[in-house]
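Chemist: Below: one structure in structure tokens.
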Amino acid sequence: MQSQGETAITNNVAEASTKGKRQGRRGWSYTLTSLLGLVPFLLFCLLFEVIPAIIIVQGSFTNNDTGAPTTDNYKHMFSQASNLHAFQTSISLSLVTALLGGVFGGLAAYGVYTLRTGPLRNLLVGFSSIAANFAGVPLAFAYVATLGITGYVTVLIHTLFHVNIYDLGFSLYTFWGLVIVYTYFQLPLMILLTLPALSALRPEWREAATNLGASTFTFWRKIGLPILLPSLIAAMMLLFANSFGAFATAYALAQGGINIVPILINFVVNGNVIIDYGLGNALSVGMIIILLVAVSIYTVMLRRVNTWQGR
Amino acid sequence: MSIGGTTSGISQRAVSDNLPARAGKPRGRRSFNTSKIMLILVMLYLLVPLGAALWFGLLDPTSFPRIFSDPDFSQTFFTSLELATASTILAVVLVTPTAYWVQLRIPQARPLMDVLTLIPFAMPAIILAVGLVQEFNGTVSPLINFLSLGLVPALNNLNIVNTPPLLVCAYVIISLPFVYRPIDNNLRAINTSVLTEAAYSLGSGWWRTFLTVILPNIMPGVISAALLTFSVVMGEFTIAQLFSIYTFPIFLNNVGQNDPHRAALLSILSFIITLICVLGIILFARRRGGSESTAEIGAAK
């Protein structure tokens, strides 16, 4: 807030001195040139971000062949069980990985946070950045090498315990296999998101609580977690959105065999069987709506954090 | 990849600052508790697939030389390098002056910028790709022609659908959150208005101020943004696949369908590329002073 006031004041002064207008009043030409400076960026976003969104929404209500407005695409989407199943799988996959990543990543983040600042901590944070970025095609093949049929861990378990997990019904190319793979990049992402938020916990509160006789558990239950909860929820919403929109990892693993919404959209729009842009648009609108819910919760939580911990 | 972007932007903040340690614990107590155990478990979980990929790739001794003898490898690698460089340059050149302009002249536009850079979270790569393909494949409605101020039909005449330039623009959009956020944080951390004032009072114009005064001061943010964009584009698969442009991740996917051993080694190579980018951020984007951490935490994520 303060810097905005500063900027406004200094802008006014600069304005008055350079344009010779009455001191303290910005002219319309000032505002016009201000907006003009934004034009390249706004134009770029309009062309490549806003208009595709409009096209998708509009296209979802358009008939593929005739171009006439219709709700057939949505009827098609809701009538086929495989489409609904894709949404269900996507949502549960994203929720499960967001929770797993959130809980374990949050605990690990606290572990990193309580380390002394130094090379070890920087190493861990740097490694988390790399691991969070490792998602996509390379991660899929790294996991084929780990938990695939001839993967390192599969062979290890077979040698040590004489049991073949694939015989027991496990497969990397199913829902739970995908959970394991997705958790790989959700964990470091949670660590990276939570580390700044943990600085909201002042040590004085911990000391005061201990002074009044609180155990560690009581501290976390009554003080720590309530303070951190908005940040944690915001982080988990980001994890959810991350997982929900992921395409490359699942595609590289099963080439379209796993039925989640991004794979379905790709199949319908880019596949070898049928090209149905209307259905693809409808599915995309479904995805956008779900993601908007996640992003809104994220924004609301962030606003709470800034209100109560605002600087 | 559609997800890489999200992670990159967040990673730069944690990587490039020194957070205060030991808050929330009584001073003097170093206990080996649940969070440390969880940290060790998580780190193991992250390291095992990397080790397994290395082991798996080297199982077949011929895979390593065969990588380099494959002509597609160098072709796609350089394609990806070119795309990454172009996207990085375009992203930085587009966003940095804009962020400075917003900070300086129209802070009221900040919510608009926040929304525009938050849209890629609600429109992941696959959806963006679907929208772009429909936008530029030549058949658009009059509504779009009007809304885009006539630019979409003009670009359609240039026949840019499924071409590398369009891919570069798509990559810039995908990496927008991670380019805008570090640069904006950095601009807020330094006293932009005072610096600009001082430069103006000494007779410097807008561009000269921007290039010689502001830019060197926000270099850490710019470098973070650039390296994040670079690493995202090097690993991006979704949009390239929909545009049918043969980039390195697509090559990696094709190899993996036939030869998982070679693919495992190429995955390690991908990891090393990201490693170099993150090392670059750590080394060159370290900002001096402790004020930036408060600015980061205070600023909206």
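Just so you know, all these numbers are worked out from the coordinates, no wet-lab data involved. Here the structure is a predicted model, which is why all the values come from computation and not from measurement. In this analysis, Cβ positions are derived from the backbone assuming ideal geometry, glycine residues included, and neighbour counts consider all displayed protein chains.
Chemist: Work from the charge dipole of chain A (Cβ charges, +1 for Lys and Arg, -1 for Asp and Glu, about the Cα centre) and give the residue of A:PRO138, A:PHE219, A:SER90 farthest towards its positive end.
Modeler: About the Cα centre, the residue reaching furthest to the positive side is A:PHE219.
Chemist: What FRET efficiency would be calculated for the residue pair B:ALA154, B:ASP114, taking the C-beta separation as r and a Förster radius of 25 Å, to the nearest 0.05?
Modeler: On the way: r = 30 Å, r/R0 = 1.19.
My answer for the efficiency is 0.25.
Chemist: What is the packing order of peptides B:221-229, A:285-293, taking the mean over residues of other C-beta atoms within 10 Å and listing the highest first? Present the calculation step by step, with values, prior to reporting the outcome.
Modeler: Details: B:221-229: 27.7, A:285-293: 18.4.
Per-residue Cβ counts within 10 Å, averaged per peptide and sorted highest first, yield B:221-229, A:285-293.
Chemist: Also, quick follow-up: Rounded to the nearest 20 debye, what is the charge dipole size of segment B:52-198 about its Cα centre when +1 sits on each Lys and Arg Cβ and -1 on each Asp and Glu Cβ?
Modeler: It comes to approximately 380 debye.
Chemist: To continue, here is another question. Can you tell me which of A:ASN211, A:ASN133, A:ASN281 moves the most in a GNM of chain A? Springs connect C-alpha atoms under 10 Å apart.
Modeler: Result: A:ASN211 has the largest fluctuation of those listed.
Chemist: Take B:GLU197, B:GLU236, A:GLU204, B:GLU82 and order them by how many other Cβ atoms sit within 10 Å, fewest up front.
Modeler: Numbers: B:GLU197 18, B:GLU236 32, A:GLU204 11, B:GLU82 14.
With the fewest neighbours first, B:GLU197, B:GLU236, A:GLU204, B:GLU82 line up as A:GLU204, B:GLU82, B:GLU197, B:GLU236.
Chemist: Report the residue, chosen from A:THR154, A:THR210, A:THR89, that carries the largest GNM mean-square fluctuation when chain A is represented by alpha-carbon nodes joined by springs under 10 Å.
Modeler: A:THR210
Chemist: May I ask you to derive the FRET efficiency for B:TRP206 and B:PHE78 from their Cβ-Cβ distance with R0 = 41 Å, giving the value to the nearest 0.05? Walk me through the intermediate numbers first.
Modeler: On the way: r = 37 Å, r/R0 = 0.91.
Given R0 = 41 Å and the Cβ-Cβ separation, E is 0.65.
Chemist: For A:HIS162 and A:SER29, what is the calculated FRET efficiency with R₀ set at 60 Å and r taken between the beta-carbons, to the nearest 0.05?
Modeler: Working from the Cβ atoms, E equals 0.15.
Chemist: A further question follows. Hey, got the average number of other protein chain Cβ atoms within 10 angstrom for residues in B:217-230?
Modeler: For peptide B:217-230, the averaged partner shielding equals 0.
Chemist: What order do you get for B:205-215, A:298-308, A:161-171 when each peptide is scored by the mean count of other beta carbon atoms within 10 Å, highest first?
Modeler: A:298-308, B:205-215, A:161-171
Chemist: If neighbour count is taken as other Cβ atoms inside 10 Å, put B:TYR246, A:TYR251, B:TYR45 in order from fewest to most.
Modeler: Placing the least packed residue first, the sequence is B:TYR246, B:TYR45, A:TYR251.
Chemist: Right, here's the next one. Quote the relative contact order of chain A in percent (integer), defining contacts as alpha-carbon pairs under 8 Å separated by 6+ residues.
Modeler: Relative contact order of chain A: 26 percent.
Chemist: Only sites in a loop by DSSP and with at most 15 other Cβ atoms within 10 Å count here; which trypsin sites (Lys or Arg not before Pro) in segment A:73-153 make the cut?
Modeler: Numbers: sites: A:LYS75, A:ARG116, A:ARG121; in loops: A:ARG116.
Answer by residue number: A:ARG116.
Chemist: Next question. What's the average, rounded to a whole number, of partner chain beta-carbon atoms within 10 Å of each residue's beta-carbon in B:101-110?
Modeler: Mean shielding by partner chains, rounded to a whole number: 6.
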